[in-house]
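J.: The structure that follows is given in the form of structure tokens.
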Amino acid sequence: MDVSVCGICRTDLHLAEGDLQPRRPGVVPGHEAVGVVVETGPGAHRFAPGDRVGVAWLGGVCGTCAYCRRGDENLCTAPVFTGWDKDGGYAQQLTVSQDFAYLIPEVFTDEQAAPLLCSGIIGYRALKRANLPAGGRLGIYGFGSSAHLTAQMAMYQGASVFVMTRSEEARALARDLGAEYAGGAYDNPPVPLDSAILFAPVGDLVPAALAALDRGGTLAIAGIHLTDIPVLNYEAHLFYERQVRSVTANTRADGREFLALAARIPLTPTTTAYPFDAADTALGDLAADRVTGSAVLRVRPEKA
């Protein structure tokens, strides 16, 4: 496929900073790629040249391990990830298995669609893992690319959203999107939370999020990397059947379900575009919390 844009994900930053080690030397990063099919391989039939498709983080699974057989392919013992195992979207062209590509809903531009392919899908899975009851109170810790999309999904489903983040710009975006509360990263929300999602890769926030949960509440940790979690106090953080759940990649079913939901709402991604030769600048801005919403790398110049 010819790549037009590729979202810039915090996982790319973890690879650049060494928190995650590349699976092979010289791998091309990027796993939120949007573009147009230019050629199909032998036996490929799902897409035709000219179709607009997206490529996400999960790029392949074994299909035979116990996890794949029971439908939990996100836990596959031999997965392939785009931009980690195989070359990704920080390039003018890439190849993808037809089974791991998604047709992009027409309601989204290329730039809007890019962050949906990881930030959106992972946010969708994190929201499911958080066990948010109907009409419940959801706390969101960190308010970057994934969080600002997840907040819109939760509010669409009737939830009240409470955002805790260190960025004033992100707090302003949360309020604009309809969050009931937006405070500092370690602030206590004004009411007990039914569920919470931690998007910031900061282990110190785990006790704060757990302490903010109501009885029976669930904290879902959505990142692929997290700094060390401090010692927890059983009574303060876990008693009354509060629980912690991690989020590991996604299934293809998650991706299909999410893109259908995103188009139905429709989600409104907030994006900042960077030219192709400014990828390093974009990653630096992401590291310094200078990006509000989602950063997108424009691989090909925008058509006039």
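J.: Tell me, yes or no, whether segment 11-28 has at least one residue that is touching a helix residue (DSSP H, G or I) at 6+ places or on another chain (Cβ under 8 Å), surrounded by 19 or more Cβ atoms within 10 Å (Cβ to Cβ) and not in a strand (DSSP E or B).
T.: yes
J.: Right, something else. Which of the residues that make up segment 251-280 are among the β-branched types (Val, Ile, Thr) and part of a strand (DSSP E or B)?
T.: Thr271, Thr272
J.: Also, quick follow-up: Quickly run through segment 120-156 and pick out the residues that are open to solvent by less than 10 Å² (accessible area, probe 1.4 Å) and not small (Gly, Ala, Ser).
T.: If the condition is that a residue be open to solvent by less than 10 Å² (accessible area, probe 1.4 Å) and not small (Gly, Ala, Ser), then Ile121, Leu138, Ile140, Tyr141, His148, Leu149, Thr150, Met153 are the ones that fit.
J.: Here's something else I'd like to know. Given the residues Thr227, Thr292, Thr248, which is the only one that is β-branched (Val, Ile, Thr), in a loop (DSSP other than H, G, I, E, B), farther than 28 Å from Phe100 by Cα and in contact with a helix residue (DSSP H, G or I) (Cβ under 7 Å, 6 or more places away or on another chain)? Steps first, answer last, please.
T.: Numbers: Thr227 fails: in contact with a helix residue (DSSP H, G or I) (Cβ under 7 Å, 6 or more places away or on another chain); Thr248 fails: farther than 28 Å from Phe100 by Cα.
Every option except Thr292 fails the conditions.
J.: Also, quick follow-up: Filter segment 46-63 down to residues that are of a type in the set (D, E, K, R) and part of a loop (DSSP other than H, G, I, E, B) and give me whichever is farthest from Gln112 (Cα to Cα).
T.: Ranking the candidates gives Arg46 first.
J.: To continue, here is another question. Got a sec? Which of Phe276, Phe239 is aromatic (Phe, Trp, Tyr) and in contact (Cβ under 8 Å) with a residue 12 or more places away in the chain? Please lay out each step first, then the result.
T.: On the way: Phe239 fails: in contact (Cβ under 8 Å) with a residue 12 or more places away in the chain.
None of the other options fit; the residue is Phe276.
J.: Within the bounds of segment 294-301, is there any residue that is open to solvent by less than 60 Å² (accessible area, probe 1.4 Å), aliphatic (A, V, I, L, M) and within 23 Å of Arg166 (Cβ to Cβ)?
T.: Taking every residue of segment 294-301 in turn, at least one turns out to be open to solvent by less than 60 Å² (accessible area, probe 1.4 Å), aliphatic (A, V, I, L, M) and within 23 Å of Arg166 (Cβ to Cβ).
J.: Same structure again: For the structure I just gave you, tell me whether Arg215 is more than 22 Å from Ala159 (Cβ to Cβ) and of a type in the set (D, E, K, R).
T.: Criteria not met by Arg215.
J.: Which one of these is in a loop (DSSP other than H, G, I, E, B) and more than 13 Å from the chain's Cα centre (by Cα): Pro201, Pro190? Spell out the reasoning first.
T.: Values: Pro201 fails: more than 13 Å from the chain's Cα centre (by Cα).
Unique residue meeting the criteria: Pro190.
J.: Right, Ala174: open to solvent by less than 40 Å² (accessible area, probe 1.4 Å), among the aliphatic types (A, V, I, L, M), under 10 Å from Ile197 (Cβ atoms) and assigned to a helix (DSSP H, G or I) or not?
T.: Here the answer is no, as Ala174 does not meet what is asked.
J.: Something else about it: So which helices (runs of 4 or more DSSP H) stay within segment 64-157 end to end and still have 2 or more residues that are closer than 20 Å to Gly217 by Cβ and within 19 Å of the chain's Cα centre (by Cα)? So that I can check it myself, show each step before the final result.
T.: On the way: elements: 66-69, 110-113, 119-129, 145-156.
Those helices (runs of 4 or more DSSP H) span 119-129, 145-156.
J.: Next question, about the same structure. Can you pull out the residues in segment 158-168 that are outside any helix (DSSP H, G or I), open to solvent by 20 Å² or more (accessible area, probe 1.4 Å) and out of contact with any Phe, Trp or Tyr (no Cβ under 9 Å at 6 or more places or on another chain)?
T.: Within segment 158-168, Gly158 is the sole residue that qualifies.
J.: Ala196: within 30 Å of Cys68 (Cα to Cα), assigned to a loop (DSSP other than H, G, I, E, B) and in contact (Cβ under 8 Å) with a residue 40 or more places away in the chain, yes or no? Give the steps one after another, and end with the answer.
T.: Values: within 30 Å of Cys68 (Cα to Cα): yes; assigned to a loop (DSSP other than H, G, I, E, B): no; in contact (Cβ under 8 Å) with a residue 40 or more places away in the chain: yes.
It is false that Ala196 is within 30 Å of Cys68 (Cα to Cα), assigned to a loop (DSSP other than H, G, I, E, B) and in contact (Cβ under 8 Å) with a residue 40 or more places away in the chain.
J.: How many residues does segment 93-119 hold that are surrounded by 15 or more Cβ atoms within 10 Å (Cβ to Cβ) and of a type in the set (D, E, K, R)?
T.: Selection size over segment 93-119: 2.
The values are calculated or read from the model by the stated rules, or taken from the named source; none is laboratory data. Owing to the predicted nature of the structure, the values given are computational and were not obtained by experimental measurement. All Cβ positions, glycine included, derive from the backbone under ideal geometry; neighbour counts span all protein chains shown. Accessible surface is based on the protein model in full, side chains and every heavy atom, while ligands, DNA and RNA are left aside. Shrake-Rupley method; radii C 1.70, N 1.55, O 1.52, S 1.80 Å.
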